[in-house]
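Working notes, structure below.
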Amino acid sequence: MRTAYNFGAALDGADIDGMNLGNGPLNPRPNVLPSFIAPTTTFSSTLDITIAGVAMKLTHVPSAAADQVAVFLPQTGILLSSEVIPAQHFPALHTLRGEVFRSPVDWYQSIDALRRFRASAMVPSHGVPVVGAAVVDEVMRNYRDAIQYVHDQTIRGMNKGLTPDELVHAVKLPPHLAGYKPWMQEFFGSVRQAIRGIYQGYRGWFEGDPAALAPVPRTERTGREVALMGGRDRGLTVAQQSFDDGDTKWAAELASRLIRIDRDDLTARRLKAAKKSQEDVKAFLKEIR
């Protein structure tokens, strides 16, 4: 279900005009059933094989998935890098649709394994080809450095007792990596969601506050919060004013509280779903990048 709404599976027509998946264009929706063909040859680390006269070096490179396999073609120097290098965005170390923990350490070590091929060109599974040995190495080097930096600084902050909400404000890419455009833009993957995924992957959901062990039920807690705000009408007024002032994140949080109390509160739902002008959208994207 999360994958369906993550990629707008229920949308059509004007609702998906100009939309993409974040790592490439929308996929067609053919009416075919999924299938599986069992492999006849397996390997655990590397495999050298020749198919139709083409020599191939297959390498297991856990990254976006644990079973990723990259293919190097030594006769041409071309590297088919699978999903190890994303489509010109910060890697989705954690996906919002929900998946098992993607190990950042495995990921940057997989990039190191691919760098040793010294490929003259790279063709990722998503995105554009990269041509030129120096450019290929630069792209891979910056990706592995960005992944390790976010991982190591998140662990450092965790050891200092920072919570995920604190870590997302404390850990930032250094300028030379954050400014490596368009490759390091934050879109399908972002530093913020990576930090939360790393925290969850290593430490779990509990942040150390005993009050979180048995909290007041969410709907009841939200009702009490709205009452403290002065009631539904007052909360809606503040949310609308925040939206008009350009503070759309706070407006959405306030509207969410009203919706938790009454999912049929269409005024609150429309406010949460509303978007500001194109200029405001661009400003928001610039902020998260």
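The values are calculated or read from the model by the stated rules, or taken from the named source; none is laboratory data. From a predicted model like this one, the values you see are computed outputs, not experimental measurements. Methodologically, a virtual Cβ is constructed for each residue, glycine included, from the backbone with ideal geometry; neighbour enumeration extends over all protein chains shown.
Before we move on, is ALA194 touching a helix residue (DSSP H, G or I) at 6+ places or on another chain (Cβ under 6 Å), at pLDDT 95 or above and hydrophobic (A, V, I, L, M, F, W, C)? In short, no. GLN185 falls short on exactly one of the conditions (1) within 16 Å of PRO86 (Cα to Cα); (2) in a helix (DSSP H, G or I), and that condition is (2). Of all the numbered requirements in (1) closer than 21 Å to LYS272 by Cβ; (2) touching a residue at least 40 places away in the same chain (Cβ under 8 Å), LEU228 misses one, and that requirement is (2). A single member of ARG118, ARG97, ARG102 is free of Cβ contacts under 8 Å to residues at least 60 places away in the same chain and either in a loop (DSSP other than H, G, I, E, B) or of a type in the set (A, V, I, L, M, F, W, C) (or both), and it is ARG118. Among the conditions (1) modelled with pLDDT under 95; (2) under 27 Å from ARG144 (Cα atoms), PRO74 misses just one, which is (1). Listed by position, the helices (runs of 4 or more DSSP H) enclosed by the range 190-284 that each have at least 1 residues that are in contact with a Ser or Thr (Cβ under 6 Å, 6 or more places away or on another chain) are 191-203, 248-261.
If we keep just the residues of the range 121-149 that are among the polar types (S, T, N, Q) and assigned to a helix (DSSP H, G or I), which is nearest to ASP67 (Cα to Cα)?
My answer is GLN148.
Right, SER82: crowded, with 17+ Cβ neighbours inside 10 Å, without any contact (Cβ under 8 Å) to a residue 60 or more places away in the chain, over 14 Å from the mean Cα position of the chain (by Cα) and part of a loop (DSSP other than H, G, I, E, B) or not? Judged against the criteria, SER82 is a match. Taking (1) touching a residue at least 24 places away in the same chain (Cβ under 8 Å); (2) not assigned by TED's automatic domain parsing to the domain that holds SER63 in turn, SER242 satisfies each apart from (1).
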